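Laboratory data are not the source of any read-out in this text; all were calculated from the coordinates shown. These figures come from a predicted structure and were not determined experimentally. No Cβ is skipped: glycine too gets one built from the backbone with ideal geometry, and neighbour counts run over all protein chains shown.
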Amino acid sequence: MDKTKIKACLKKIPDSLWVLIMGGLGLLIGALLQTSSKAGGDAHKKGMAIFVDYLKLPADMWLKSLVMVVAPFMVTNMSASVAEVKQLQGAGSLGKISVIWYSLTTICACILGVVMSSVVLLSTVKQTENFPSAVNGNNASAAKPLTKVAELKDPALVPRETIDSLIPKNFTAALSTNDFLAIITVSIIMGLMLRVPPPPKAEDEALEEGGSKEQGTYYLYGFLKELNDVCFTAITKLVAFTPFAIFSMMIGVAHKTNMDEMAGQMLLLYATVWAAQALHVLVTIPLLYFFFTRKLAFPIMKGVAKALLVALSTASSAATLPVTIALNIENNKVRPSIAKFVCSLGATVNMDGSGIYFCCVAVFIMLSRGVVPTFGQLVVVGVMSTLMSCGASPIPGAGAVVFFAAILQAVGVVGMENSPVFAVCIAFDWLGDRPATMVNVLGDSVGSNVANKYAQAHGVLNEMDGRESAIDEHMRRRKSSLMNFNNEARSTSRNTWSKFDNHGDKRPATIGMVNRG
């Protein structure tokens, strides 16, 4: 067999299987090194520990690289997403009902995640890590939380401090300390204020009807979009390195951890995640759908069963989006323009399953490190999971490390690069991520049916049909321009935002700096 065929066969292996293979290999090598270390004297143990530290170096650098990019990614992704959704809210009442649906389902999902993890995990998960030197010589539980809410002893003050912590005194300071509650809030406000260029087709139609060409510049939006593309590309490249990083990480985990005890607790974690996601699918979503439409949701779920299988296999709501839209149109009789609008919006902001998953993993890691969460810390976990799930990328594997670390840092649990439990959660992320994607896609599908029923009841079925160009432009913009549009296309296509500058000269327009005139 030649090298070309070998490479072709290797490319067919799914990423999740590569992670499993490399993680298992790392565990095996780590266990062998642990056995060798125990068999030798003190000098041998010290030398083996240094050797393992060098083997862990790629994983430590990979983890720090992901954490480094999280703040700019959250600012640019949230701001651009909110700005583009704001433009689509010109669809009127249908846009509002969609946002209300996604907000309710995400909030309910994160509340369910916090409740389930509190009921099941608080009384069963034992401390498996000693952290006398992980955080500059202090115990992990002694690390100061980034928000006052996590430190409160009086539950009555938690709502007040939660609201107060949303607005920072200094946004630059919030960025430097990774205060994500404040960062996300400011990013949303910035997105609401951003000007977004109208779709080319909509602008042409306005000119044909005797209107005037919209005047204005979009420098800040263009800059944020380009920076978001850079962050998105960086995360994608880092995610491609995941199997090798997990291999390096698992060597360190197996060398210093009792894997028999950890295995039982990991099984309990994922059982809790799956149970919470099942409750959300079988109870929360049907109840909310009945509240909105006075009808049962289970026929809707049956109509998109194939999309759920695609979501399970791809772990990507973005990759599943065409199937989701098609099945809602064909099986659930949703109007095409409404299905495209609501499902594409959901692929950006609706991450119910991810919210549940984030909550359970955050509480589990805290308990494993000996930090018993207070009521204030549980509130912070719930709020952070709600906000960060809305900004989660619909690309598989892009959010786990970044969002777990951000949520934990907000409640004062830091030093994740030295945590075996954190490393194992990243290695087995696909066990929670794939079912979470199914829940996300199901929420999108039911939401499109809610919007369709609302349109029928209020006589606005044709409201979205005239806005298909705006919907298509929104779906295009939510893809990375660096990854999907080459420079030639960007300078010659009709999808570029402007072909003319203020003087009427024909020049290639860039997505980064746009001047409408």
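So here's what we get for this one:
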{"quantity": "Sequence ranges 104-112, 306-314, ranked by mean other-Cβ count within 10 angstrom, highest first", "calculated": "104-112, 306-314"}
{"quantity": "Mean Cβ count within 10 Å, highest first, over the residues of peptides 22-29, 430-437, 167-174, 224-231", "calculated": "430-437, 224-231, 22-29, 167-174"}
{"quantity": "Protection proxy ranking of 68-74, 249-255 - average other beta-carbon atoms within 10 Å, highest first", "calculated": "249-255, 68-74"}
{"quantity": "Euclidean distance between Cα centres, region 347-370 to region 33-65, Å", "calculated": "30"}
{"quantity": "Phi to ³J(HN,Hα) by Karplus 6.51 cos²θ - 1.76 cosθ + 1.60 over region 286-295, Hz, x for Gly, Pro", "calculated": "x, 5, 5, 5, 5, 5, 7, 10, 6, 10"}
{"quantity": "Set K11/K56; K237/K333; K225/K306; K126/K256 screened for pairs whose C-alpha atoms are more than 28 Å apart", "calculated": "K237/K333; K225/K306"}
{"quantity": "Efficiency of FRET from Cβ geometry, F290 and S36, R₀ 60 Å, rounded to 0.05", "calculated": "0.50"}
{"quantity": "Vicinal HN-Hα couplings computed from phi for region 21-37 (Karplus, 6.51 cos²θ - 1.76 cosθ + 1.60; Hz; Gly/Pro x)", "calculated": "5, 5, x, x, 5, x, 4, 5, 5, x, 5, 5, 5, 5, 4, 5, 5"}
{"quantity": "Zone of L192's modelled label, taken as backbone nitrogen in region 342-362 under 19 Å from a point 7 Å along Cα→Cβ", "calculated": "349-350"}
